[in-house]
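Asker: One structure coming up, written as structure tokens, with questions to follow.
The values are calculated or read from the model by the stated rules, or taken from the named source; none is laboratory data. All values derive from a computational prediction rather than experimental measurement. FYI the Cβ positions are ideal-geometry reconstructions off the backbone, even for glycines, and counts take in every protein chain you see.
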Amino acid sequence: MRALEPWVVEPLEVFLAESSARLTLLMTSSGQVVAQHGFSRSLDVMTAAALGAGIVASTEEIARLMGVTRFAGLVHHGERQSCMLSAFGTPRGRWIGLVVFGPETSVGIVQLFFEQMVAQLVSSAPREQAPPPTLAENFESELDASLKALFGRT
Amino acid sequence: MSTVQGVLDRVTRVPGVRGALLVSAGDGLIVAEQLMDGVDGRAAAALTGSLVGRLTRTAQQAGLERPAFVHLRAEAGSVLAAPGPDDLVLVAVVAPDANVGLARLEMIDAAARLS
Amino acid sequence: MSEDIRVLTARLADEPSSLAFLELAEALRRRGQLDAACKVARGGVSRYPGLADAHDLLARVLSDQGDLAGAFDAWSSALQLDPMRAGALKGIGFLYFRAGDVVAALDHLQRAAQADPDDASIPVAIARLRGEVRENGGRHEAPAPSPAPPAATPFEGIEGGEEGFLLVDGGGLRLGGMLRAPSGEDLGDRVAAQLAGVSREAARATRILGLGPWHSIAVESPNGQLILAAPTADTVLLTARDHGIPLARLGLLAERAARAARSWLERVG
């Protein structure tokens, strides 16, 4: 498990231990990765983050069209693995969690401990000024630095 | 009143029962519930569904058939579970002084009538 | 063989389900034929598990044989069935006295006096105990017990022996006990592997639901039943039986086995 921000580590570790999730990705709503567990390739992380952010954005648009408040999350049930996507608010803005899990756990357990993790993230996030918006010309170098941090390569 | 609500109603009428819920064990999600304040139904559904699944595997490894009743006793109360058909489990959260014997009979009977 | 024993033996042989075993075992015990008495008493307990007289009798025989732990368990069972049984209260009081716990001994004897005010021996015993307490300034030194050899297995002396019990460490490895399929296949290791996870899940469930630490899990299946308990923080004990024994009584057996396992772990740990 790797995280860009140290205060994310403990809530995420607790979530992983309790939920038995196989893969977990935490990202901003724009797809910038904050933490990951279980992925072995940076390409997979980037792809999953981009797709996850896109799915959540589409789902929120559907909710808007329906005139309802945002959906709490969505779950795709697979034969051997399932996937949960859930957006949540933090002092650092809106984040998205993508969790892949197998039959050794259940969607109820994953959701239960995901909610606990969100509460812990919200309470442990430093209340400092938000970082400046990412400029396009800095995006690639910032992404590169993030991926190196997430995969432990200096 | 639907069958499910009728089942939950009978169980919650037993003295000491703080809440009853019907759970989809494989998902750990609530199908129906009747809970007093202070009972976290979502947590009960997820945790009991998972535990009953594990106990079922343990019992089967020990050469037993699928459990008909489970009683998890703790310091400040108990969780009772009666597996029914189609991966449904009837769950009750009870106080330490609950009439567990009566709750057990009601739950086993009710779980059988869910099919 | 004395006449009364002969008659009682014949009566029991004619009608194995009769309560003649009570008189027969008592007669054998008084004659010092303790092994025979024990056999008859155990047979009676297994046939009448809900009869306090049977447990009380077994306790007296075991006490005479020097099996004080077994006697304690049997008298405890008698008290579970009949909390005002003077004989069991006296017996346990005596055992506490032997162990040096005068306070517990006095408590049980006082309860025995309430249960049977006509038994003149009880006030005498109480007065003697109080006298000893005054002489020793509140301390009582029991005669030094001969050191018991550590039991080879956790369940020595428990009815059924090793069979139907499984003591497992936190990693899902077997510490003792045996669980077999009807075919004779050893199921112990496979079941042990599941048990560590069960303990963690039970602890998590009761913690999150605000129920405190868990004490036991009872599982009933159409063809058998299990009780799970935690003798120590990092071990799990499984007790398995068929439906020949009522579940509540299985719970008592499991508690007794958990106590035995705890003592064994303390000695070997």
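Asker: Of all the residues that make up region C:165-203, how many are at the interface with another protein chain (Cβ under 10 Å from one of its Cβ atoms) and either in contact (Cβ under 8 Å) with a residue 60 or more places away in the chain or of a type in the set (Lys, Arg) (or both)?
Answerer: Adding up the residues that qualify gives 5.
Asker: Is it the case that residue C:248 is more than 7 Å from every other protein chain (Cβ to nearest Cβ), surrounded by fewer than 16 Cβ atoms within 10 Å (Cβ to Cβ) and outside any loop (DSSP other than H, G, I, E, B)?
Answerer: For residue C:248, the condition - more than 7 Å from every other protein chain (Cβ to nearest Cβ), surrounded by fewer than 16 Cβ atoms within 10 Å (Cβ to Cβ) and outside any loop (DSSP other than H, G, I, E, B) - is met.
Asker: When you check residue B:52 against the structure, is it among the β-branched types (Val, Ile, Thr), out of contact with any helix residue (DSSP H, G or I) (no Cβ under 8 Å at 6 or more places or on another chain) and more than 9 Å from every other protein chain (Cβ to nearest Cβ), yes or no?
Answerer: Considered against the rule, which asks whether it is among the β-branched types (Val, Ile, Thr), out of contact with any helix residue (DSSP H, G or I) (no Cβ under 8 Å at 6 or more places or on another chain) and more than 9 Å from every other protein chain (Cβ to nearest Cβ), residue B:52 comes out as yes.
Asker: So, one more: If you take the residues in region B:1-31 that are in a strand (DSSP E or B) and among the aliphatic types (A, V, I, L, M), which one is farthest from residue A:106 (Cα to Cα)?
Answerer: B:17
Asker: Here is a further query. Suppose we filter region B:58-90 for residues that are at positive phi and facing chain C (nearest Cβ under 7 Å); how many remain?
Answerer: 2
Asker: Do we find that residue C:233 is on the phi < 0 side of the Ramachandran plot, in a loop (DSSP other than H, G, I, E, B) and more than 9 Å from every other protein chain (Cβ to nearest Cβ) in this structure?
Answerer: Criteria met by residue C:233.
Asker: Here's something else I'd like to know. Please indicate, with yes or no, whether at least one residue in region B:32-42 is within 14 Å of chain A (Cβ to nearest Cβ), surrounded by fewer than 24 Cβ atoms within 10 Å (Cβ to Cβ), free of Cβ contacts under 8 Å to residues at least 60 places away in the same chain and in a helix (DSSP H, G or I).
Answerer: So far as region B:32-42 goes, yes, one or more of its residues are within 14 Å of chain A (Cβ to nearest Cβ), surrounded by fewer than 24 Cβ atoms within 10 Å (Cβ to Cβ), free of Cβ contacts under 8 Å to residues at least 60 places away in the same chain and in a helix (DSSP H, G or I).
Condition check ((1) within 13 Å of chain B (Cβ to nearest Cβ); (2) surrounded by 20 or more Cβ atoms within 10 Å (Cβ to Cβ); (3) of a type in the set (S, T, N, Q)) across all residues:
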residue	(1), (2), (3)
A:81	no, no, yes
A:91	no, no, no
A:97	no, yes, no
A:108	yes, yes, no
A:112	yes, yes, no
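Asker: On to the next question. From the set of residues in region C:18-77 that are modelled with pLDDT of 80 or more, assigned to a helix (DSSP H, G or I) and of a type in the set (S, T, N, Q), which is surrounded by the fewest Cβ atoms within 10 Å (Cβ to Cβ)?
Answerer: Looking at residues that are modelled with pLDDT of 80 or more, assigned to a helix (DSSP H, G or I) and of a type in the set (S, T, N, Q), I get C:65.
Asker: Look at residue B:93 and say whether it is touching a Gly at 6+ places or on another chain (Cβ under 7 Å), in contact (Cβ under 8 Å) with a residue 40 or more places away in the chain, crowded, with 22+ Cβ neighbours inside 10 Å and at the interface with another protein chain (Cβ under 10 Å from one of its Cβ atoms).
Answerer: On the way: touching a Gly at 6+ places or on another chain (Cβ under 7 Å): yes; in contact (Cβ under 8 Å) with a residue 40 or more places away in the chain: yes; crowded, with 22+ Cβ neighbours inside 10 Å: yes; at the interface with another protein chain (Cβ under 10 Å from one of its Cβ atoms): yes.
Considered against the rule, which asks whether it is touching a Gly at 6+ places or on another chain (Cβ under 7 Å), in contact (Cβ under 8 Å) with a residue 40 or more places away in the chain, crowded, with 22+ Cβ neighbours inside 10 Å and at the interface with another protein chain (Cβ under 10 Å from one of its Cβ atoms), residue B:93 comes out as yes.
Asker: Report those strands (runs of 3 or more DSSP E) wholly inside region A:60-124 carrying at least 2 residues which are within 17 Å of residue A:36 (Cα to Cα) and modelled with pLDDT of 90 or more. Let's see the steps before the verdict.
Answerer: Working: elements: A:74-76, A:82-90, A:93-101.
Those strands (runs of 3 or more DSSP E) span A:82-90, A:93-101.
Asker: Sticking with this one: So which residues in region C:187-202 are of a type in the set (A, V, I, L, M), touching a helix residue (DSSP H, G or I) at 6+ places or on another chain (Cβ under 7 Å) and part of a helix (DSSP H, G or I)?
Answerer: Listed by number, the residues that qualify are C:191, C:195, C:198, C:202.
Asker: Here's another thing I want to ask about it. If you go through region C:204-224, how many residues are part of a helix (DSSP H, G or I), facing chain B (nearest Cβ under 7 Å) and within 19 Å of residue B:18 (Cα to Cα)?
Answerer: 3
Asker: Also, I was wondering about something else. What do you reckon, is residue C:161 within 11 Å of chain B (Cβ to nearest Cβ) and not in a strand (DSSP E or B)?
Answerer: No; evaluated as a whole, the condition is false for this residue.
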